[in-house]
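Q: I have a structure here, written as structure tokens, and I will follow up with some questions on it.
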Amino acid sequence: MTTKQEAAEAVLAAKVRLGLSWAQLAETLDAPLAWTTSALLGQHPVPAEIAAKAAQVLELDAGAEAALRLQPTRGALDDVVPTDPTIYRFYEVLQVYGPTIKELIHEQFGDGIMSAINFKLDVSRREDPGGERVVVTMDGKFLKYQWG
């Protein structure tokens with residue numbers, strides 16, 4: 001049986017082999033960009049109809065398609081877990097979406113990182129019929145890796 005991690009590796013290999021972007025995959029699957037990226041990296045269960053379409057587009061085998069549908073064990077980081085509830089939630093966000101953020105930065109900007117030094121952060125409140133929302137905006141300068 002193919003694992004979610006093996007399916008994610010197959011997705012990445014197929015994405016490169018076929019020259020597809022995450023945005024193209026999201027559009028093809030008619031799903032949000034960040035969700036599509038995170039789901040295909042193994043961080044969300046993918047509904048059967050979307051898994052079938054993704055497998056077709058990415059030329060994945062039946063094992064990988066089935067693995068996409070599995071409930072994930074979320075989180076890709078293995079470091080010590082913070083105990084403060086607010087900080088832990090950010091840790092949880094990075095566990096689930098960190099690989100997605102990394103992929104999208106590299107895809108949109110190239111080989112580099114978002115600066116945490118030349119960086120702006122905004123936290124605001126937004127009213128919502130379903131309950132107040134916390135809006136966190138991270139705005140960091142892109143720093144290209146320079147080799148040699």
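The values are calculated or read from the model by the stated rules, or taken from the named source; none is laboratory data. Predicted model, so just to flag it, every value in this text is computed and none were measured. Every residue, glycine as well, gets a Cβ built from its backbone with ideal geometry; the counts of neighbours run over all protein chains shown. Accessible surface is based on the protein model in full, side chains and every heavy atom, while ligands, DNA and RNA are left aside. Shrake-Rupley method; radii C 1.70, N 1.55, O 1.52, S 1.80 Å.
Q: Loop-only check: which chymotrypsin sites (Phe, Trp or Tyr not before Pro) in the stretch 54-148 are DSSP coil with at most 12 other Cβ within 10 angstrom? Intermediate values should be presented prior to the final figure.
A: Details: sites: Y88, F90, Y91, Y97, F109, F119, F142, Y145, W147; in loops: Y145, W147.
Those satisfying the criteria are Y145, W147.
Q: Report, to the nearest whole %, how much of the accessible area of the stretch 2-45 belongs to carbon and sulfur atoms, 1.4 Å probe, protein only. Please report the intermediate quantities before stating the final value.
A: Values: 1130 of 2000 Å².
Roughly 57 percent, rounded to a whole number.
Q: Taking GluC sites (Glu not before Pro) as candidate sites, keep only those in a DSSP loop with at most 10 other Cβ atoms within 10 Å, then name the longest stretch of the chain containing none of them. Walk me through the numbers on the way to the answer.
A: Numbers: sites that count: E127, E132.
In short, 1-126.
Q: Within 14 Å, Cβ to Cβ, of L29, how many net charges do the neighbouring residues add up to if Lys/Arg are +1 and Asp/Glu are -1? Numbers along the way, then the final one.
A: Numbers: positive: K15, K53, R69; negative: E27, D30, E49, E65.
So the surrounding residues net to -1.
Q: Here is a follow-up. If I compute solvent accessible area with a 1.4 Å probe over the protein chains, what percent of it on the stretch 60-148 is carbon and sulfur? Before the final figure, lay out the partial values.
A: Working: 3890 of 6970 Å².
Whole-percent figure for carbon plus sulfur exposure: 56.
Q: With label points built 7 Å along Cα→Cβ from the Cα atoms of R89 and M114, find their separation and express it in nm.
A: With each label point 7 Å from Cα toward Cβ, the separation is 1.8 nm.
Q: Which part of the stretch 20-39 falls in the paramagnetic zone of Q56, meaning amide N under 16 Å from the point 7 Å along Cα-to-beta-carbon?
A: The answer is 25-31, whose backbone nitrogens lie closer than 16 Å to the label point.
Q: Do any of K53/K120; K53/K102; K120/K144 go past 30 Å between their Cα atoms, and which? Walk me through the numbers on the way to the answer.
A: Values: K53/K120 39 Å; K53/K102 24 Å; K120/K144 18 Å.
Beyond 30 Å: K53/K120.
Q: Moving to a separate point now. Per residue, how many Å² of accessible area does the stretch 37-148 show with a 1.4 Å probe? Please report the intermediate quantities before stating the final value.
A: On the way: 7810 Å² over 112 residues.
For the stretch 37-148, the solvent-accessible area averages 70 Å² per residue.
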